[in-house]
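A short reminder: the numbers here are calculations on the coordinates, not readings from a lab. All values reported here derive from a predicted model rather than from experimental measurement. Neighbour counts run over all protein chains shown; Cβ positions are idealised from the backbone, glycine included.
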Amino acid sequence: MHTRVQGTFEGVDSLQDVPLAAHRYLVGQSVSPEVVISPSPELTSINWKGLKVEFRVANRKDRSSVTMAFAGIAETGTLVMVSSKQSPINHHFLPEFNIAVLKQSKLVDCMENLWPLIGEHPRTINLITGPSKTADIEQTIVYGAHGPRALHVILVRSTC
Amino acid sequence: MQVQSKNFRKTAKKALLDADLRVAMGRAEGGFVDTRKLVVEELDNFQEYREFARDTKNHVLAHLDYYLTKFESNVQASGGQVHWASNGEEVNRIVVDICKRPEIKKITKGKSMVSEEFALNAGLEAADFQVIETDLGEYIIQLANETPSHIIAPAVHKTKQAVTDLFDEYHREAGYPRVVERLDIVNQARQVLRDHFCTADVGITGGNFLIADTGSIALITNEGNGDLTANLPKIHIVVTSIEKVIPDMQALGGFLRLLGRSATGQIMSVYTTLFNGPKRIDDLDGPEEFHVVLVDNGRSEILGTQFQDILRCIKCGACMNHCPVYTNIGGHAYGWVYPGPMGSVLTPLMVGQKNAPDLPYACTLNGRCKTVCPVMIPLPDLLRKHRNNLVEMGESKRFQRWGMWVWAQVARNPRLYFLMTSLYVRKLNVLARLLLVFRRGSFKHIPMLGAWTSTRDFPVPSTATFQGQWKKRKRSE
């Protein structure tokens, strides 16, 4: 479903494989391998060898971000992002390229099964389905309106 | 927004003669309709979701006070502030009051049809704030100093060429080149608006659903402008209307399955965001203040009337996409914020029937809008009720009332009906022979039907009426 909504996707075996996959993706997009990363424990614990990384809030100069998805919804290919001190909101919207890491164990089949996993609501819950787009010029779709031009999901198969 | 609906006949005629509009509407036509059809057919139980949405909205409208106060207390519990506005003036005053601080100058704004009802932008500009629309379509019409012509595609009436010229006029001074290709146009808007996003002091968005159980606002967009508007400035203000409340998160899923499919033919729009209060203490970003302005502006007066069904509307635009009147004349001809079938029902209720007497007649009663409406609003039936009321109010033309009376007498008497129709059919056939058009099979002009025959030919009828042929066939059997 995620590829149907014009996102790209790849699977890796463990969190340790994420940096290599991210590097390969950015080089493939002709973007320099510099990323701003959400300071979640999963992402800060990885060795980001080969990439220039910073753990802070994204600003408008950042071209690429790596984020950690709270969950994924299989029915619609949707990423679920829950804001917190480990997950800044702007990482999903400001950079041109957004790489989202999603653990396979965090997949739910539909939205109805997602809500019980989220306790008290944070400032934002972002349900993101594909890259930003607009059809405001003669009803023809153009990607990269205000949010990311491209959204790449790295699915981590291992449970740990 | 100023009500111009009284001039509907004139504006509709003008729209039909507008060559640019015909090009723009022609390019848009069918796009939403075809994609909607595909994704609706894919979902096995679309009809069940429609019924669920209808019943949920009916339930909420019957207990609106309960759900709104529940919503209010949950917004407050999460650190937000709720403001109640009974009319547009109050909304403008509330928003200006929130923004009146020396450090606040620039306001970014996401798309909000509700705010068009009372020209919020003009109100803010009058109080010396700079307001920038950030949805691409809204940005385009803000530059052009126009109003939206579609509730989800506000600039659908603009051709690419028109946008090229507009951008050239307004961006040239800042050193931007003239852009012709779609991608370049979008990129230039992205660059220009990025500056505004990052320097705005307040962000104003609308809301698609208000979730009573959690005090959250659901906002649905494709561009991502809503989120940049809501999260980058220090203050986030949501301006939304009271009928948008739904009970809980479990209900939201059903509405989302209907909304994306009905609006743009998407299984899910790109960004569905739930906003809940301001940033939490240890959050790294987000606004420090969160305000929700709950707007009535005439809605509570529709509650409990024969038009209550229209308050179920989730503003998807499917009815107008499927309306032969809308797709030909575009949205501006309707003369107020909401065009198409839902607009023709809602506008007379909100601005007064006397100010929009022709809108209930901007309908062929073909019923497509009712068939596609995700919340099952019986739009043609409501338009018919408007027509009834207009006649009862004496707002119809005398010859119309007289004609209807004659028709009613004839139609209620089968023998008289048969006699009159066979006479008319015979008369037309004789006329066709006299005018030597019988062989061509159609009239170019018919007395008293000039409005119809001015744009198309009227076929010469068969020599006998349906009833006549039916009887003849029965006899021969």
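Around the Cα centre of segment B:404-461, unit charges on the Cβ atoms of Lys, Arg, Asp and Glu (plus for the first two, minus for the last two) sum to a dipole of about 160 debye.
First select every other residue whose beta carbon is under 13 angstrom from the beta carbon of A:Val5; then total the charges, Lys and Arg +1, Asp and Glu -1. Could you put the intermediate results ahead of the total?
Numbers: positive: A:Arg4, A:Lys133; negative: A:Glu75.
For residues surrounding A:Val5, the net value is +1.
Computed extension gain for B:Ala122 through B:Arg9, at 0.36 nm per residue and net of the alpha carbon distance, reaches 37.9 nm. Other residues with beta-carbon under 15 Å from the beta-carbon of A:Ser64 carry, at +1 per Lys or Arg and -1 per Asp or Glu, a net charge of +3.
Converting phi to 3J(HN,Hα) with the Karplus coefficients 6.51, -1.76 and 1.60 and the offset θ = phi - 60°, segment A:36-42 yields 9, 10, 5, x, 8, x, 4 Hz in sequence order, with x at every glycine or proline.
Overall, the ratio between the Cα radius of gyration of segment B:267-388 and 2.2 N^0.38 Å, rounded to two decimals, is 1.31. The magnitude of the dipole of the protein assembly as shown, with charges of +1 and -1 set on the Cβ of Lys/Arg and Asp/Glu and taken from the Cα centre, is near 3900 debye.
The orientation-averaged shadow of the Cα convex hull for segment B:410-476, equal to a quarter of the hull surface, comes to 5.6 nm². For the pair B:Ile446 and B:Met113, label points projected 7 Å from Cα toward Cβ lie 3.7 nm apart. Once Lys and Arg get +1 and Asp and Glu get -1 on their Cβ, which of A:Leu51, A:Ile125, A:Gly28 lies farthest toward the positive end of the dipole of segment A:8-156? Value computed over the given set: A:Leu51.
Extending 7 Å from the Cα toward the beta-carbon at both B:Tyr424 and A:Ser105 defines two label points whose distance is 7.6 nm.
In this structure the amide hydrogen of B:Val460, modeled in the peptide plane, comes within under 5 Å of the amide hydrogens of B:Ser442, B:Phe443, none closer than 5 places in sequence on its chain.
When only alpha carbons are used to place a centre, segment B:236-298 and segment B:301-320 end up 19 Å from one another.
Calculation over all alpha carbon pairs of the protein assembly as shown in 10 angstrom steps from 0 returns a P(r) of 3, 15, 24, 24, 16, 8, 6, 3, 1, 0 percent. A straight Cα-to-Cα reach below 12 Å connects B:Lys10 with the aspartates and glutamates B:Asp358, residues fewer than 8 places away in its own chain not being considered. Modelled spin labels at B:His59 and B:Gln306, positioned 7 Å past Cα toward Cβ, are 2.9 nm from each other. Between B:Phe458 and B:Leu183, full extension at 0.36 nm per residue minus the direct alpha carbon distance yields a gain of 94.3 nm. For segment B:55-65, putting each phi into the Karplus relation 6.51 cos²θ - 1.76 cosθ + 1.60 with θ = phi - 60° gives couplings of 5, 4, 5, 4, 4, 5, 5, 6, 10, 4, 4 Hz, in residue order, rounded to whole numbers and with x for Gly and Pro.
Rounded to the nearest whole Hz, the Karplus-based 3J(HN,Hα) values (6.51 cos²θ - 1.76 cosθ + 1.60, θ = phi - 60°) of segment B:412-417 follow the sequence 7, 10, x, 5, 4, 4, with x at glycine and proline.
For chain A, evaluate the Debye formula with one uniform point scatterer on each Cα (no solvent term) and list log10 I(q)/I(0) at q = 0.16 Å⁻¹, rounded to two decimals. The Cα Debye sum returns log10 ratios of -0.88. Between A:Val31 and B:Leu17, the FRET efficiency from the beta-carbon distance, with R0 = 45 Å, is close to 0.35. For the listed residue pairs B:Lys111/B:Lys354; A:Lys103/A:Lys133; B:Lys109/B:Lys234; B:Lys100/B:Lys234; B:Lys111/B:Lys158, the alpha carbons are over 21 angstrom apart in B:Lys111/B:Lys354; A:Lys103/A:Lys133. FRET efficiency for the B:Leu435 to B:Lys385 pair, using the beta carbon distance and R₀ = 30 Å, is estimated at 0.10. Annotation: cysteines of chain B without a disulfide-compatible partner (Cβ-Cβ under 4.7 angstrom) are B:Cys99, B:Cys198, B:Cys313, B:Cys316, B:Cys323, B:Cys363, B:Cys373.
Evaluate E = 1/(1 + (r/R0)^6) for A:Gln6 and B:Glu41, where r is the Cβ-Cβ distance and R0 equals 25 Å; express this FRET efficiency to the nearest 0.05.
Values: r = 21 Å, r/R0 = 0.85.
Rounded to the nearest 0.05, the efficiency is 0.75.
Residues of segment B:127-142 with amide nitrogen under 13 Å from the 7 Å Cα-to-Cβ point of B:Val96? Flagged as within label range: B:127-129.
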